[in-house]
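One structure is given below, encoded as structure tokens.
The values are calculated or read from the model by the stated rules, or taken from the named source; none is laboratory data. Everything quoted here is computed from the prediction, not taken from an experiment. When we count neighbours, we look across all protein chains shown, and the Cβ atoms used for this are built from the backbone with ideal geometry, even at glycine. We work out accessible area using only protein heavy atoms, side chains counted, and drop any ligands, DNA or RNA first. Shrake-Rupley method; radii C 1.70, N 1.55, O 1.52, S 1.80 Å.
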Amino acid sequence: MMLTAPCVATILQNIRSCQVGRVPKPPPAYPVPAVRPIPPAVVAEALVTELQAKPTDVIVRRIEARGPRFGEWPEGLDPRLVAALRRRGIERPFVHQSAAISHALAGANVVVVTPTASGKTLCYNVPVLDTILRDRSARALYLFPTKALAQDQLEELHGLIGEVGEEIGTFTYDGDTPADARRAVRAAGHIVLTNPDMLHTAILPHHTKWTKLFESIEYVVIDELHTYRGVFGSHLANVIRRLRRICQFYGSDPTFILSSATIANPGELATALVGDHVELVDDNGAPAGERVVVVYNPPVVNRELGIRQSSLKAARDIGARLIRSGVQTIVFVPSRVRVELLLTYLREALRNKPGDPERVAGYRGGYLPNERRRIEQGLRDGTVRGVVATNALELGIDIGGMGASVVMGYPGSIASLWQQFGRAGRRQETSLSVLVASSNPLDQYVCANPDFVFGRPVERGLIDPDNLYVLGSHLKCAAFELPFRVGEVFGAHTDELLDILHEENVVQRAGDRYHWMSEAYPAEQVSLRTASTDNFVIIEQGPQPRVIGECDRPSAPLLIHEDAIYIHRGQQYQVEYLDWDDKKAYVTPVSVDYYTDAQLAVELKVLDGFRDEGVAGGRHEAGEVAITFLATIFKKVKLHTHENVGWGKIAIPEENLHTSAYWVSFDEAATRGLGRDDIAAGLDGVAHLLRNLAPVYCLCDARDIGAQAQVRAPHHQLPTVFLYDNIPGGVGLADRLFDIRDDLVEASLALVKACPCENGCPSCVGPQVESRSPAKRAAERMLERLRG
């Protein structure tokens, strides 16, 4: 269907009037408090003094403030854009902004790596808008990992474009975009904001509908680079290969601008993702106020059993103290249930009298998009004084400058911890970041060894675009999009893979070209992400039933089973009926003094072994496994006291993951002289070592590999450690692990020998509960004997 200019204009006007692709700013969620807040520096010092007075460990570090360092706007920048930036209070760019903009305008690929709230958005918006202002046919494509982030950046772009005063079509293109709007975006979108999944399934396979974009595309922006690690990043690298191939077909060669939070190897990751040289800009010129960082270990409340105060209650006390003092605060918690529990506790602690407005909101996956937008706006305008969030707010969604961040429990990586700390901090004011330790052994290790947080480098981002499983999938997609020429390079082994597809009648060779022959639509069969995209909707029953939220499939058995107490924005609902096939949960509002906590049983079974090798102390194998996840029972846990006040059974079908795995078994020669408890501790230590080292050899992310230790594996009755592919069907990680088995064992043994700890720590065999744990000694002995 061809769109005429008047037709396009009419549709665009309808889009603007309906606010399609752009969420209107909602009215303030709550009235702005009239109380004059206490300066954050004063509150931070008072809180630190209070915590240090408690009978427990408190580590305090201060990160000094730094002033701004400015550069200059590149010569020839459009004066309308410069004037618009000045009206928005930006007289001069910071040095990293100046360098990145200069590289981009010169046609060089560039990656900008600076902390949160340092102005990375300007690094790509300025060159894109400058180019479009000079050439109205120019186009740009923005990629964001989530729809929420794309919507947030749309607001930022609209504000700057409005200040410039020119018509520049800027639209989101995602699963929520209506069909008529999609046609208009394809025809008149100067800047298209989307996500990797839409690029993969909806744009590249239909490139003939996007000729205006691909003929004139000048820039591709990839935001939040650090999220594209492991298998997800390997998939995206191949999507970019397909994008560049299509651009070349249409005669364009876009410049790539990437931005990232701090990781150890940004230049290496960006180069692997784009497939070309990328300039690195990491000299941060943005100012920052002083940051007070506190690692707080809640006090022991039962010395006989060594039980500490609940980290949930400690986070509540600290959060309430900060919010009551007028400091806008974000509290990160590890799960959705804890978001709702802490939100309930904070609201109870901060409610002065009946009828007072709520000052605290929750933020997590499962909230409806309009609810999330309203909370984000409330945080920016200050009407929401506190927010309890999962890592959904860890990414760069604009929530203004919070005064304090509280992190409940170590989030699993140094990069995530500092990203969460960085969500607080205005450029000129003191900010406070508090890590509240849980009783988890890893958290306790962090408290005992604070240099783990303050001195350890952030993690690397690793990808493997030439993984044969991933590459082969995208080679099919690329052949569907455009025929391949003989000798054309698309990753490693292109001709060999095309010959295999030819033998399987997927492609047909005619002369020097390979043409797609299958009736299948390959992009739909390739998921970029490991998680299921199926969502359950949660429906409140009543005279007018309404959807109140959603839940992803993996979480559904634990959160919305029948008789579960589902908490949404602090309101309790009981699940009356779960329609598993239609993916609907029907709930009714209740008010009870307990919540529910479901138990998940995980079982791994070997289906078949296809590779094996016997060694001195055991056996290396690789094969197919089935992992079963079954929600069995739920407990009713009383609010505040967390007592168990009842239980019930869960009747939901089990979920199965068929995948590939590598496993190593230890025979009697390897375990001689070790007791059963020693073997169990040693196996856990070996599993920790192998799982943490495997990504380095497989060029994947730690989340792509699962590990399980079995003291007596059912298929051969031997102590065994399994490393399995977390992706359904597997993507070849098990084969790779079997190939490098000797190197992996050697590296694990060298690491455990070199670690200076006595009985085990997170850097070797994992954190230990017991002070004299046998884990390190047993793991070292088992690995030595396995090596022979």
Consider the range 730-762. How many of its residues are closer than 26 Å to residue 621 by Cα and not charged (D, E, K, R)? 16
What residue, among those in the range 371-384 that are open to solvent by 20 Å² or more (accessible area, probe 1.4 Å) and touching a residue at least 24 places away in the same chain (Cβ under 8 Å), is farthest from residue 114 (Cα to Cα)? 371
From the set of residues in the range 773-788 that are part of a loop (DSSP other than H, G, I, E, B) and at pLDDT 85 or above, which is nearest to residue 719 (Cα to Cα)? 774
Looking at the range 125-153 only, could you name the residues that are closer than 22 Å to residue 380 by Cβ and either in contact with a His (Cβ under 8 Å, 6 or more places away or on another chain) or not aliphatic (A, V, I, L, M) (or both)? 125, 142, 144, 145, 146, 147, 151, 152, 153
For the range 156-181, name all the residues that are closer than 27 Å to residue 233 by Cα and in a helix (DSSP H, G or I). 156, 157
Leading residue by the ranking (most open to solvent (accessible area, probe 1.4 Å)) among those in the range 270-310 that are under 30 Å from residue 232 (Cα atoms) and among the aliphatic types (A, V, I, L, M): 280
Selection within the range 66-91 - surrounded by 16 or more Cβ atoms within 10 Å (Cβ to Cβ) and in a loop (DSSP other than H, G, I, E, B): 71, 73, 74, 77, 78, 90
Tally the residues that are free of Cβ contacts under 8 Å to residues at least 60 places away in the same chain, part of a strand (DSSP E or B) and under 20 Å from the mean Cα position of the chain (by Cα), restricting the search to the range 690-734. 1
Just name the residue that is least open to solvent (accessible area, probe 1.4 Å) out of those in the range 573-587 that are in a loop (DSSP other than H, G, I, E, B) and either free of Cβ contacts under 8 Å to residues at least 60 places away in the same chain or acidic (Asp, Glu) (or both). 583
Would you point out which residue out of 758, 746 is assigned to a helix (DSSP H, G or I) and open to solvent by 60 Å² or more (accessible area, probe 1.4 Å)? 746
Among the residues of the range 385-441 satisfying the criterion of being among the β-branched types (Val, Ile, Thr) and open to solvent by 10 Å² or more (accessible area, probe 1.4 Å), which is nearest to residue 68 (Cα to Cα)? 430
Exactly one of these conditions fails for residue 609: (1) modelled with pLDDT of 95 or more; (2) in a strand (DSSP E or B); (3) surrounded by 16 or more Cβ atoms within 10 Å (Cβ to Cβ). Give me its number. (1)
For the range 649-664, enumerate the residues that are open to solvent by 20 Å² or more (accessible area, probe 1.4 Å) and in contact with a Leu (Cβ under 6 Å, 6 or more places away or on another chain). 654
Need a quick list: helices (runs of 4 or more DSSP H) entirely within the range 427-522 having at least 3 residues that are in contact (Cβ under 8 Å) with a residue 12 or more places away in the chain and either of a type in the set (Gly, Ala, Ser) or at positive phi (or both). 468-481
Pairs needed: first member in the range 638-667, closer than 16 Å to residue 599 by Cα; second member anywhere, open to solvent by 10 Å² or more (accessible area, probe 1.4 Å) and of a type in the set (Ser, Thr, Tyr); C-beta distance under 6 Å; at least 6 residues apart or different chains. 645/594; 654/628
Go through 672, 712, 703 for me and flag whichever is open to solvent by 60 Å² or more (accessible area, probe 1.4 Å), under 30 Å from residue 273 (Cα atoms) and of a type in the set (D, E, K, R). 703
Given 362, 412, which one is modelled with pLDDT of 90 or more and either over 21 Å from the mean Cα position of the chain (by Cα) or small (Gly, Ala, Ser) (or both)? 362
Regarding residue 646, is this residue open to solvent by less than 60 Å² (accessible area, probe 1.4 Å) and more than 21 Å from residue 558 (Cβ to Cβ)? no
I'm told residue 686 meets every condition in (1) part of a helix (DSSP H, G or I); (2) among the β-branched types (Val, Ile, Thr); (3) over 30 Å from residue 234 (Cα atoms) except one. Can you identify the failing condition by its number? (3)
Quick check on residue 192: is it outside any helix (DSSP H, G or I) and within 28 Å of residue 461 (Cα to Cα)? yes
Find all pairs meeting these conditions: Cβ atoms under 9 angstrom apart; at least six residues apart or on different chains; first residue within the range 199-213 and within 16 Å of residue 185 (Cβ to Cβ) and among the small types (Gly, Ala, Ser); second residue at pLDDT 95 or above and open to solvent by less than 50 Å² (accessible area, probe 1.4 Å). 202/194
Being touching a strand residue (DSSP E or B) at 6+ places or on another chain (Cβ under 6 Å) and among the small types (Gly, Ala, Ser) is the filter here; which residues of the range 166-206 pass it? 189
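For every residue, the table says whether it meets (1) of a type outside the set (Asp, Glu); (2) assigned to a helix (DSSP H, G or I); (3) open to solvent by less than 20 Å² (accessible area, probe 1.4 Å); (4) modelled with pLDDT of 95 or more.
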| residue | (1), (2), (3), (4) |
| --- | --- |
| 215 | no, yes, no, yes |
| 218 | no, no, no, yes |
| 226 | yes, yes, no, no |
| 232 | yes, yes, no, no |
| 240 | yes, yes, yes, yes |
| 247 | yes, yes, yes, yes |
| 256 | yes, no, yes, yes |
| 262 | yes, no, no, no |
